[in-house]
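Undergrad: Please find one structure pasted underneath; my questions will follow.
The values are calculated or read from the model by the stated rules, or taken from the named source; none is laboratory data. Keep in mind it's a predicted model, so treat the numbers as computed, not measured. Backbone-built Cβ (ideal geometry, glycine too); neighbour counts: all protein chains shown. SASA here: full protein model, heavy atoms, side chains in, ligands and nucleic acids out. Shrake-Rupley method; radii C 1.70, N 1.55, O 1.52, S 1.80 Å.
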Amino acid sequence: MTSDKLVVRLGARSYPIHIQEGAVELLPRVLDELSAVGAVGVVTDTNVAPLYGDRVAKLIEASGARVHQCVLPAGEEHKRLAQVEHLCGEFLRAGLDRTSVVVALGGGVVGDIAGFAAASFMRGIRFVQIPTTIVAQVDSSVGGKTGVNHPLAKNMIGAFHQPSAVVIDLSFLKSLPVRELKAGLAEVIKHGIIADAILFSYMEEKVEAILAGNLNVLEFPVRRSCEIKAAIVAADEREQGLRANLNYGHTFGHGIETASGYTTYLHGEAVALGMHAAGVLSRNLGLVNDAFVERQRACIASYGLPVSWPEIPIDSVLDTMKHDKKVRAGTTKFVVADEIGHVQQRTDISLSQAREALEALRG
Ligand SMILES: NC(=O)c1ccc[n+]([C@@H]2O[C@H](COP(=O)([O-])OP(=O)(O)OC[C@H]3O[C@@H](n4cnc5c(N)ncnc54)[C@H](O)[C@@H]3O)[C@@H](O)[C@H]2O)c1
(Lines give C-alpha, C1' and ligand atoms only; values in the text may rest on other atoms or scores of the structure.)
Protein backbone atom coordinates (compact mmCIF):
# COMPACT_ATOMS: atom_id res chain seq x y z
CA MET A 1 0.00 0.00 0.00
CA THR A 2 1.38 3.43 -0.85
CA SER A 3 1.01 6.11 1.77
CA ASP A 4 -0.40 9.56 1.29
CA LYS A 5 1.35 11.27 4.13
CA LEU A 6 1.78 14.67 5.70
CA VAL A 7 4.78 15.56 7.85
CA VAL A 8 4.89 17.51 11.10
CA ARG A 9 8.13 19.39 10.66
CA LEU A 10 10.01 19.55 13.94
CA GLY A 11 13.62 18.98 12.89
CA ALA A 12 14.94 15.72 14.28
CA ARG A 13 11.56 15.06 15.88
CA SER A 14 9.61 15.38 12.61
CA TYR A 15 7.05 12.65 12.02
CA PRO A 16 4.68 11.44 9.34
CA ILE A 17 0.88 11.46 9.45
CA HIS A 18 -0.51 8.74 7.20
CA ILE A 19 -4.14 9.43 6.27
CA GLN A 20 -6.32 7.10 4.23
CA GLU A 21 -8.94 4.42 4.40
CA GLY A 22 -7.07 1.26 5.39
CA ALA A 23 -3.98 3.17 6.63
CA VAL A 24 -3.61 0.74 9.55
CA GLU A 25 -2.17 -1.78 7.08
CA LEU A 26 0.90 0.48 6.97
CA LEU A 27 1.66 -0.32 10.61
CA PRO A 28 4.28 -3.07 10.00
CA ARG A 29 6.21 -0.65 7.77
CA VAL A 30 5.85 2.21 10.26
CA LEU A 31 7.18 0.01 13.09
CA ASP A 32 9.93 -1.30 10.86
CA GLU A 33 11.08 2.25 10.14
CA LEU A 34 11.22 2.79 13.93
CA SER A 35 13.19 -0.46 14.38
CA ALA A 36 10.62 -1.56 16.93
CA VAL A 37 11.66 -4.96 18.24
CA GLY A 38 10.88 -6.85 21.44
CA ALA A 39 7.66 -5.90 23.17
CA VAL A 40 5.30 -3.23 21.83
CA GLY A 41 2.78 -1.95 24.36
CA VAL A 42 -0.62 -1.42 22.74
CA VAL A 43 -2.80 0.85 24.86
CA THR A 44 -6.48 0.82 24.02
CA ASP A 45 -9.83 0.94 25.81
CA THR A 46 -12.71 -1.39 26.58
CA ASN A 47 -14.70 -0.23 23.52
CA VAL A 48 -11.94 -0.21 20.95
CA ALA A 49 -10.14 -3.43 22.01
CA PRO A 50 -12.91 -5.79 20.83
CA LEU A 51 -13.30 -3.88 17.55
CA TYR A 52 -9.71 -3.45 16.39
CA GLY A 53 -7.40 -4.94 19.06
CA ASP A 54 -6.77 -8.26 17.30
CA ARG A 55 -6.24 -6.73 13.87
CA VAL A 56 -3.68 -4.28 15.21
CA ALA A 57 -1.96 -7.00 17.27
CA LYS A 58 -1.58 -9.18 14.16
CA LEU A 59 -0.15 -6.29 12.16
CA ILE A 60 2.39 -5.57 14.90
CA GLU A 61 3.33 -9.23 15.11
CA ALA A 62 3.84 -9.18 11.34
CA SER A 63 6.58 -6.60 11.93
CA GLY A 64 8.37 -9.14 14.15
CA ALA A 65 7.54 -7.51 17.50
CA ARG A 66 5.70 -9.00 20.47
CA VAL A 67 2.39 -7.40 21.56
CA HIS A 68 1.42 -6.57 25.10
CA GLN A 69 -2.11 -5.17 25.09
CA CYS A 70 -3.24 -2.86 27.93
CA VAL A 71 -6.98 -2.19 28.00
CA LEU A 72 -8.06 0.91 29.92
CA PRO A 73 -11.63 1.60 31.03
CA ALA A 74 -13.26 3.81 28.37
CA GLY A 75 -14.30 7.36 29.20
CA GLU A 76 -13.05 10.82 30.13
CA GLU A 77 -13.67 10.16 33.83
CA HIS A 78 -10.85 7.59 33.68
CA LYS A 79 -8.32 10.06 32.28
CA ARG A 80 -6.58 10.11 35.65
CA LEU A 81 -3.01 9.85 36.92
CA ALA A 82 -3.79 6.42 38.39
CA GLN A 83 -4.07 5.02 34.84
CA VAL A 84 -0.56 6.24 34.02
CA GLU A 85 0.86 4.41 37.04
CA HIS A 86 -1.11 1.33 36.02
CA LEU A 87 0.28 1.47 32.47
CA CYS A 88 3.87 1.90 33.68
CA GLY A 89 3.38 -1.28 35.73
CA GLU A 90 2.09 -3.10 32.64
CA PHE A 91 5.03 -1.86 30.56
CA LEU A 92 7.52 -3.05 33.19
CA ARG A 93 5.91 -6.46 33.49
CA ALA A 94 5.90 -6.81 29.67
CA GLY A 95 9.61 -6.02 29.52
CA LEU A 96 9.42 -2.69 27.67
CA ASP A 97 12.66 -0.74 27.79
CA ARG A 98 14.06 2.56 26.52
CA THR A 99 14.09 1.29 22.93
CA SER A 100 10.45 0.16 23.01
CA VAL A 101 7.45 1.65 21.26
CA VAL A 102 3.97 2.20 22.67
CA VAL A 103 1.00 2.20 20.29
CA ALA A 104 -2.04 4.26 21.32
CA LEU A 105 -5.11 2.73 19.67
CA GLY A 106 -8.25 4.71 20.46
CA GLY A 107 -9.73 8.14 20.94
CA GLY A 108 -8.24 11.21 22.55
CA VAL A 109 -8.49 9.77 26.04
CA VAL A 110 -6.39 6.73 25.16
CA GLY A 111 -3.95 8.87 23.15
CA ASP A 112 -3.50 11.41 25.94
CA ILE A 113 -2.99 8.79 28.68
CA ALA A 114 -0.80 6.48 26.57
CA GLY A 115 1.23 9.45 25.31
CA PHE A 116 1.83 10.68 28.85
CA ALA A 117 2.76 7.17 30.01
CA ALA A 118 5.22 6.98 27.08
CA ALA A 119 6.58 10.43 28.01
CA SER A 120 7.12 9.35 31.63
CA PHE A 121 8.14 5.68 31.40
CA MET A 122 11.92 5.48 31.78
CA ARG A 123 11.88 9.29 31.20
CA GLY A 124 10.43 8.92 27.75
CA ILE A 125 9.99 6.21 25.14
CA ARG A 126 8.59 6.42 21.59
CA PHE A 127 4.93 6.11 20.75
CA VAL A 128 2.73 5.84 17.70
CA GLN A 129 -0.78 7.23 17.54
CA ILE A 130 -3.55 5.25 15.84
CA PRO A 131 -6.53 7.56 16.46
CA THR A 132 -9.98 6.01 16.11
CA THR A 133 -12.32 8.97 16.75
CA ILE A 134 -12.79 12.20 14.82
CA VAL A 135 -11.47 14.22 17.78
CA ALA A 136 -8.34 12.13 17.82
CA GLN A 137 -7.90 12.06 14.02
CA VAL A 138 -8.30 15.80 13.51
CA ASP A 139 -6.78 17.05 16.73
CA SER A 140 -5.41 15.11 19.68
CA SER A 141 -3.13 12.63 17.88
CA VAL A 142 -1.11 15.44 16.27
CA GLY A 143 1.00 17.92 18.20
CA GLY A 144 2.42 16.04 21.16
CA LYS A 145 0.24 17.31 23.99
CA THR A 146 -0.25 14.40 26.37
CA GLY A 147 -1.66 14.23 29.86
CA VAL A 148 -4.46 13.53 32.28
CA ASN A 149 -7.08 15.47 34.20
CA HIS A 150 -6.96 16.62 37.83
CA PRO A 151 -10.27 16.83 39.71
CA LEU A 152 -9.76 20.62 39.85
CA ALA A 153 -8.93 21.17 36.19
CA LYS A 154 -8.74 19.42 32.86
CA ASN A 155 -5.47 18.26 31.27
CA MET A 156 -3.60 19.77 34.20
CA ILE A 157 -0.91 17.09 34.49
CA GLY A 158 1.02 16.23 31.37
CA ALA A 159 3.96 16.65 29.05
CA PHE A 160 4.82 17.68 25.52
CA HIS A 161 5.88 14.42 23.89
CA GLN A 162 5.61 14.10 20.12
CA PRO A 163 4.60 10.78 18.62
CA SER A 164 6.99 9.08 16.20
CA ALA A 165 4.18 8.54 13.66
CA VAL A 166 0.42 9.01 13.34
CA VAL A 167 -1.63 6.48 11.40
CA ILE A 168 -5.12 7.72 10.56
CA ASP A 169 -7.37 5.01 9.17
CA LEU A 170 -10.63 6.62 8.13
CA SER A 171 -12.42 3.27 8.11
CA PHE A 172 -12.23 3.17 11.93
CA LEU A 173 -14.83 5.94 11.90
CA LYS A 174 -17.46 3.51 10.60
CA SER A 175 -18.01 2.05 14.07
CA LEU A 176 -18.00 5.41 15.87
CA PRO A 177 -21.27 6.20 17.67
CA VAL A 178 -22.99 9.13 15.92
CA ARG A 179 -22.82 11.32 19.05
CA GLU A 180 -19.03 10.89 19.09
CA LEU A 181 -18.82 11.65 15.37
CA LYS A 182 -20.75 14.88 15.84
CA ALA A 183 -18.67 15.89 18.87
CA GLY A 184 -15.46 15.49 16.88
CA LEU A 185 -16.77 17.69 14.10
CA ALA A 186 -16.76 20.62 16.54
CA GLU A 187 -12.95 20.56 16.31
CA VAL A 188 -13.14 20.61 12.50
CA ILE A 189 -15.48 23.62 12.58
CA LYS A 190 -12.96 25.22 14.95
CA HIS A 191 -10.15 24.69 12.43
CA GLY A 192 -12.32 26.43 9.84
CA ILE A 193 -12.96 29.41 12.11
CA ILE A 194 -9.34 29.86 13.17
CA ALA A 195 -7.58 29.23 9.87
CA ASP A 196 -9.60 28.33 6.80
CA ALA A 197 -12.83 29.88 5.52
CA ILE A 198 -12.96 27.26 2.73
CA LEU A 199 -12.98 24.44 5.27
CA PHE A 200 -15.73 26.24 7.20
CA SER A 201 -17.87 26.60 4.05
CA TYR A 202 -17.28 22.92 3.23
CA MET A 203 -18.60 22.02 6.70
CA GLU A 204 -21.66 24.20 6.06
CA GLU A 205 -22.36 22.53 2.72
CA LYS A 206 -21.67 18.85 3.39
CA VAL A 207 -23.65 18.32 6.60
CA GLU A 208 -25.75 15.44 5.29
CA ALA A 209 -22.93 13.41 3.73
CA ILE A 210 -20.65 14.00 6.71
CA LEU A 211 -23.29 12.94 9.23
CA ALA A 212 -23.98 9.86 7.09
CA GLY A 213 -20.31 8.95 7.68
CA ASN A 214 -19.36 9.14 3.98
CA LEU A 215 -15.59 8.58 4.19
CA ASN A 216 -14.91 10.16 0.79
CA VAL A 217 -16.49 13.38 2.03
CA LEU A 218 -14.84 13.15 5.45
CA GLU A 219 -11.35 12.78 4.06
CA PHE A 220 -10.93 16.47 3.16
CA PRO A 221 -11.87 17.87 6.61
CA VAL A 222 -9.68 15.27 8.37
CA ARG A 223 -6.69 15.95 6.11
CA ARG A 224 -7.15 19.74 6.14
CA SER A 225 -7.46 19.75 9.94
CA CYS A 226 -4.22 17.78 10.22
CA GLU A 227 -2.49 20.17 7.79
CA ILE A 228 -3.64 23.19 9.82
CA LYS A 229 -2.60 21.65 13.12
CA ALA A 230 0.72 20.37 11.74
CA ALA A 231 1.62 23.84 10.43
CA ILE A 232 0.72 25.53 13.72
CA VAL A 233 2.62 22.96 15.81
CA ALA A 234 5.68 23.25 13.53
CA ALA A 235 5.65 27.03 14.05
CA ASP A 236 5.00 26.98 17.81
CA GLU A 237 5.41 23.56 19.39
CA ARG A 238 5.32 24.72 23.03
CA GLU A 239 2.40 27.14 22.74
CA GLN A 240 4.39 30.32 23.21
CA GLY A 241 2.14 32.18 20.77
CA LEU A 242 0.36 30.98 17.62
CA ARG A 243 -0.53 27.51 18.95
CA ALA A 244 -2.92 29.06 21.48
CA ASN A 245 -5.19 29.88 18.49
CA LEU A 246 -6.18 26.20 18.60
CA ASN A 247 -7.81 26.95 21.95
CA TYR A 248 -10.66 28.87 20.30
CA GLY A 249 -13.76 27.83 22.27
CA HIS A 250 -11.62 25.79 24.66
CA THR A 251 -11.18 28.25 27.52
CA PHE A 252 -14.95 28.39 27.95
CA GLY A 253 -15.25 24.74 26.87
CA HIS A 254 -12.84 23.37 29.47
CA GLY A 255 -14.62 25.41 32.14
CA ILE A 256 -17.91 23.88 31.01
CA GLU A 257 -16.46 20.36 30.95
CA THR A 258 -14.96 20.65 34.42
CA ALA A 259 -17.98 22.39 35.96
CA SER A 260 -20.25 19.67 34.58
CA GLY A 261 -18.05 16.93 36.07
CA TYR A 262 -16.77 15.56 32.70
CA THR A 263 -19.95 13.50 32.32
CA THR A 264 -22.72 15.76 30.94
CA TYR A 265 -20.96 16.88 27.77
CA LEU A 266 -18.46 15.15 25.56
CA HIS A 267 -15.30 17.19 24.97
CA GLY A 268 -16.43 18.25 21.49
CA GLU A 269 -19.87 19.24 22.78
CA ALA A 270 -18.30 21.43 25.45
CA VAL A 271 -16.10 22.96 22.73
CA ALA A 272 -19.23 23.64 20.64
CA LEU A 273 -20.77 25.56 23.55
CA GLY A 274 -17.43 27.27 24.16
CA MET A 275 -17.18 28.36 20.51
CA HIS A 276 -20.62 29.91 20.65
CA ALA A 277 -19.61 31.81 23.79
CA ALA A 278 -16.33 32.85 22.10
CA GLY A 279 -18.32 34.06 19.07
CA VAL A 280 -20.58 36.15 21.31
CA LEU A 281 -17.53 37.54 23.11
CA SER A 282 -15.98 38.43 19.74
CA ARG A 283 -19.15 40.29 18.77
CA ASN A 284 -19.38 42.05 22.13
CA LEU A 285 -15.82 43.27 21.57
CA GLY A 286 -16.89 44.69 18.20
CA LEU A 287 -14.66 42.32 16.21
CA VAL A 288 -17.43 40.58 14.30
CA ASN A 289 -21.09 41.28 13.64
CA ASP A 290 -24.31 39.44 14.50
CA ALA A 291 -24.18 37.65 11.14
CA PHE A 292 -20.89 35.97 12.14
CA VAL A 293 -22.37 34.75 15.43
CA GLU A 294 -25.45 33.43 13.66
CA ARG A 295 -23.47 31.74 10.86
CA GLN A 296 -21.19 30.00 13.34
CA ARG A 297 -24.14 29.05 15.58
CA ALA A 298 -26.07 27.61 12.62
CA CYS A 299 -23.10 25.54 11.43
CA ILE A 300 -22.50 24.11 14.93
CA ALA A 301 -26.22 23.39 15.41
CA SER A 302 -26.54 21.75 11.97
CA TYR A 303 -24.32 18.95 13.29
CA GLY A 304 -26.65 18.44 16.26
CA LEU A 305 -24.13 20.02 18.60
CA PRO A 306 -25.28 22.08 21.60
CA VAL A 307 -25.35 25.87 21.38
CA SER A 308 -27.21 26.43 24.63
CA TRP A 309 -27.10 25.13 28.19
CA PRO A 310 -30.12 26.67 29.91
CA GLU A 311 -29.03 25.67 33.44
CA ILE A 312 -25.38 26.62 33.01
CA PRO A 313 -23.81 27.21 36.46
CA ILE A 314 -21.99 30.32 35.34
CA ASP A 315 -20.19 30.96 38.63
CA SER A 316 -18.64 27.53 38.74
CA VAL A 317 -17.70 27.66 35.04
CA LEU A 318 -15.94 30.99 35.66
CA ASP A 319 -14.33 29.55 38.77
CA THR A 320 -12.91 26.51 36.99
CA MET A 321 -11.69 28.73 34.14
CA LYS A 322 -9.37 30.35 36.67
CA HIS A 323 -7.48 27.05 36.88
CA ASP A 324 -7.09 26.81 33.12
CA LYS A 325 -3.52 26.30 31.91
CA LYS A 326 -3.89 29.34 29.70
CA VAL A 327 -4.00 31.50 32.83
CA ARG A 328 -0.68 33.33 33.20
CA ALA A 329 0.00 35.63 36.15
CA GLY A 330 -3.71 35.59 36.93
CA THR A 331 -4.70 36.59 33.40
CA THR A 332 -6.77 34.31 31.21
CA LYS A 333 -6.00 34.28 27.50
CA PHE A 334 -9.09 34.23 25.30
CA VAL A 335 -9.09 33.46 21.60
CA VAL A 336 -11.62 35.56 19.73
CA ALA A 337 -12.54 35.71 16.05
CA ASP A 338 -12.27 38.72 13.78
CA GLU A 339 -13.55 36.89 10.69
CA ILE A 340 -14.21 33.33 9.56
CA GLY A 341 -10.71 31.93 9.07
CA HIS A 342 -8.90 34.34 11.40
CA VAL A 343 -8.63 34.77 15.18
CA GLN A 344 -6.68 36.81 17.69
CA GLN A 345 -5.59 36.28 21.30
CA ARG A 346 -6.67 38.67 24.04
CA THR A 347 -5.65 38.97 27.67
CA ASP A 348 -7.78 42.04 28.43
CA ILE A 349 -11.13 40.29 28.89
CA SER A 350 -12.81 41.17 32.18
CA LEU A 351 -14.74 38.74 34.32
CA SER A 352 -17.97 40.53 33.46
CA GLN A 353 -17.27 40.24 29.71
CA ALA A 354 -16.63 36.51 30.12
CA ARG A 355 -19.81 36.22 32.22
CA GLU A 356 -21.86 38.04 29.59
CA ALA A 357 -20.62 35.65 26.88
CA LEU A 358 -21.56 32.63 29.02
CA GLU A 359 -24.98 34.14 29.68
CA ALA A 360 -25.69 33.84 25.95
CA LEU A 361 -25.60 30.07 26.45
CA ARG A 362 -28.73 30.27 28.63
CA GLY A 363 -30.53 30.38 25.25
N1 LIG B 1 -3.79 16.15 23.25
C2 LIG B 1 -4.48 17.03 22.55
O3 LIG B 1 -3.93 17.87 21.83
C4 LIG B 1 -5.97 16.99 22.59
C5 LIG B 1 -6.74 17.70 21.66
C6 LIG B 1 -8.13 17.56 21.66
C7 LIG B 1 -8.72 16.72 22.60
N8 LIG B 1 -7.95 16.07 23.51
C9 LIG B 1 -8.55 15.17 24.49
O10 LIG B 1 -9.23 14.12 23.80
C11 LIG B 1 -10.25 13.62 24.65
C12 LIG B 1 -11.50 13.42 23.84
O13 LIG B 1 -11.23 12.50 22.81
P14 LIG B 1 -12.37 11.61 22.15
O15 LIG B 1 -13.51 12.46 21.82
O16 LIG B 1 -11.71 10.82 21.11
O17 LIG B 1 -12.86 10.72 23.39
P18 LIG B 1 -12.64 9.20 23.81
O19 LIG B 1 -11.24 8.79 23.69
O20 LIG B 1 -13.30 9.08 25.14
O21 LIG B 1 -13.49 8.38 22.74
C22 LIG B 1 -14.87 8.55 22.68
C23 LIG B 1 -15.61 7.21 22.84
O24 LIG B 1 -15.58 6.52 21.61
C25 LIG B 1 -15.09 5.20 21.82
N26 LIG B 1 -14.41 4.86 20.57
C27 LIG B 1 -13.22 5.30 20.16
N28 LIG B 1 -13.01 4.94 18.90
C29 LIG B 1 -14.07 4.23 18.50
C30 LIG B 1 -14.43 3.60 17.29
N31 LIG B 1 -13.68 3.69 16.19
N32 LIG B 1 -15.61 2.94 17.24
C33 LIG B 1 -16.43 2.91 18.33
N34 LIG B 1 -16.15 3.51 19.49
C35 LIG B 1 -14.99 4.17 19.57
C36 LIG B 1 -14.25 5.29 23.04
O37 LIG B 1 -14.12 4.05 23.68
C38 LIG B 1 -15.03 6.28 23.88
O39 LIG B 1 -16.08 5.62 24.52
C40 LIG B 1 -10.42 14.62 25.77
O41 LIG B 1 -9.85 14.09 26.94
C42 LIG B 1 -9.62 15.83 25.30
O43 LIG B 1 -9.08 16.57 26.36
C44 LIG B 1 -6.61 16.17 23.51
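Undergrad: Given a 1.4 Å probe and the protein chains all in place, what does the accessible area of Asp32 round to, in Å² to the nearest 10?
TA: 110 Å²
Undergrad: For a quick check: with amide H placed at 1.01 Å from N, whose amide H comes under 5 Å from Ala165's, ignoring anything fewer than 5 positions away on the same chain?
TA: Sorted by chain and number, the residues that satisfy this are Gln129.
Undergrad: Mind listing the phi-derived Karplus ³J(HN,Hα) values for region 142-157, rounded to whole Hz, using 6.51, -1.76 and 1.60 with θ = phi - 60°, and x for any glycine or proline?
TA: So the Karplus estimates, Gly and Pro as x, are 10, x, x, 7, 10, x, 9, 8, 10, x, 8, 6, 6, 6, 7, 10 Hz.
Undergrad: On to the next question. For Asn216 and Gln344, calculate 0.36 nm times their separation in residues minus their Cα-Cα distance, and state this gained length in nm to one decimal.
TA: Working: separation 128, 0.36 × 128 = 46.08 nm, distance 3.26 nm.
Taking Asn216 through Gln344 to full extension adds about 42.8 nm, to one decimal.
Undergrad: How much mean residue ellipticity at 222 nm does the chain get from its helices, if each DSSP H run of length 4 or more adds -39500 (n - 2.57) and you divide by all residues, to the nearest 500 deg cm²/dmol?
TA: Numbers: 13 runs with 154 residues, N = 363.
-13000 deg cm²/dmol, from helical runs alone.
Undergrad: Still on this structure: Just grab the label-to-label distance for Asp236 and Ala197, each label 7 Å out from Cα along the Cβ direction, in nm (one decimal).
TA: In this crude label model, Asp236 to Ala197 measures out at 2.2 nm.
Undergrad: In addition: Quick one: order Ile19, Ile157, Ile198 from most to least accessible surface, probe 1.4 Å.
TA: Numbers: Ile19 0, Ile157 50, Ile198 125 Å².
Per-residue accessible area, sorted high to low, gives Ile198, Ile157, Ile19.
Undergrad: In the chain, carbon and sulfur make up what percent of the accessible area (probe 1.4 Å)?
TA: Working: 7100 of 14010 Å².
Of all accessible area on the chain, carbon and sulfur atoms account for 51 percent.
Undergrad: Among rounded, prolate and oblate, which fits region 5-174 when a ≥ b ≥ c are the square roots of the eigenvalues of its C-alpha gyration tensor, a/c under 1.5 means rounded, and a/b larger than b/c means prolate? Intermediate values should be presented prior to the final figure.
TA: Values: a/c = 1.26, a/b = 1.18, b/c = 1.07.
Cα axes put region 5-174 in the rounded bin.
Undergrad: Largest first, how would Thr331, Thr44 line up by accessible area (1.4 Å probe)?
TA: The ranking, largest first, comes out as Thr331, Thr44.
Undergrad: Next question. What list of ³J(HN,Hα) couplings, whole Hz, do you get for region 19-35 from phi and the Karplus terms 6.51, -1.76, 1.60, once you set θ to phi - 60° and write x for glycine and proline?
TA: 10, 4, 5, x, 4, 4, 5, 7, 3, x, 5, 4, 5, 4, 4, 8, 6
Undergrad: Here's another thing I want to ask about it. Can you work out the FRET efficiency for the pair Glu33 and Asp315, with r the C-beta to C-beta distance and R0 = 35 Å, to the nearest 0.05? Display every interim value, and only then the final one.
TA: Values: r = 52 Å, r/R0 = 1.48.
For Glu33 and Asp315, the calculated efficiency is 0.10.
Undergrad: Right, another one. Can you tell me the accessible area per residue over region 246-363, all protein chains present, probe 1.4 angstrom, in square angstrom?
TA: Heavy-atom accessible area per residue stands at 39 Å².
Undergrad: What translational diffusion coefficient, to the nearest whole µm²/s, does region 178-362 have by Stokes-Einstein, given a Kirkwood radius computed over alpha-carbon pairs, a temperature of 4 °C and 1.567 mPa s viscosity? Show your work: numbers first, answer last.
TA: Numbers: Rh = 16.3 Å.
Rounded to a whole number, D works out at 79 µm²/s.
Undergrad: Between Arg55 and Ala298, what length in nm is gained on full extension when 0.36 nm per residue of separation is reduced by their alpha carbon distance? Before the final figure, lay out the partial values.
TA: Values: separation 243, 0.36 × 243 = 87.48 nm, distance 3.97 nm.
In short, 83.5 nm is gained.
Undergrad: Still on this structure, I have one more. Hey, can you grab everything whose amide H is under 5 Å from the amide H of Ala159? Only 5+ residues off in sequence or another chain; H modelled, so Pro and N-termini drop out.
TA: Amide H neighbours of Ala159: Thr146, Gly147.
Undergrad: While we're looking at this one, here's another question. Cut-off under 16 Å on the C-alpha distance; same-chain residues fewer than 8 positions from Lys145 excluded. Which lysines are left, in chain and number order?
TA: Output for Lys145: Lys79, Lys154, Lys229, Lys325, Lys326.
Undergrad: While we're here: Could you grab the relative contact order for the chain? Cα pairs under 8 Å, six or more apart, rounded to a whole percent.
TA: On the way: 707 pairs, mean separation 54.7, N = 363.
It rounds to 15 percent for the chain.
Undergrad: Just to confirm a number: summing +1 for Lys and Arg and -1 for Asp and Glu over residues other than Thr264 whose beta-carbon lies under 13 angstrom from that of Thr264, what do you get? Walk me through the numbers before you get to the answer.
TA: Working: positive: Arg179; negative: Glu76, Glu77, Glu257, Glu269, Glu311.
Net local charge, Thr264 excluded: -4.
Undergrad: If you don't mind, there's one more thing I want to ask. If amide H atoms are built 1.01 Å from N in the plane of the peptide, which residues on other chains or at least 5 residues away come under 5 Å of the amide H of Leu72?
TA: Amide H to amide H, under 5 Å and 5 or more residues apart or across chains, Leu72 pairs with Thr44, Asp45, Thr46.
Undergrad: FRET efficiency for Thr331 and Leu92, Cβ-Cβ distance as r, R0 = 56 Å, nearest 0.05? Before the final figure, lay out the partial values.
TA: Details: r = 42 Å, r/R0 = 0.75.
FRET efficiency, Thr331 to Leu92: 0.85.
Undergrad: Counting only C-alpha contacts under 8 Å and six or more residues apart, can you give the relative contact order of region 178-362 as a whole percent? Could the numbers behind the result be given before it?
TA: Details: 270 pairs, mean separation 53.0, N = 185.
In percent, rounded to a whole number, it is 29.
Undergrad: Roughly how many Å² is the accessible area per residue of region 9-53, as a whole number, for a 1.4 Å probe?
TA: Values: 1890 Å² over 45 residues.
On a per-residue basis, 42 Å².
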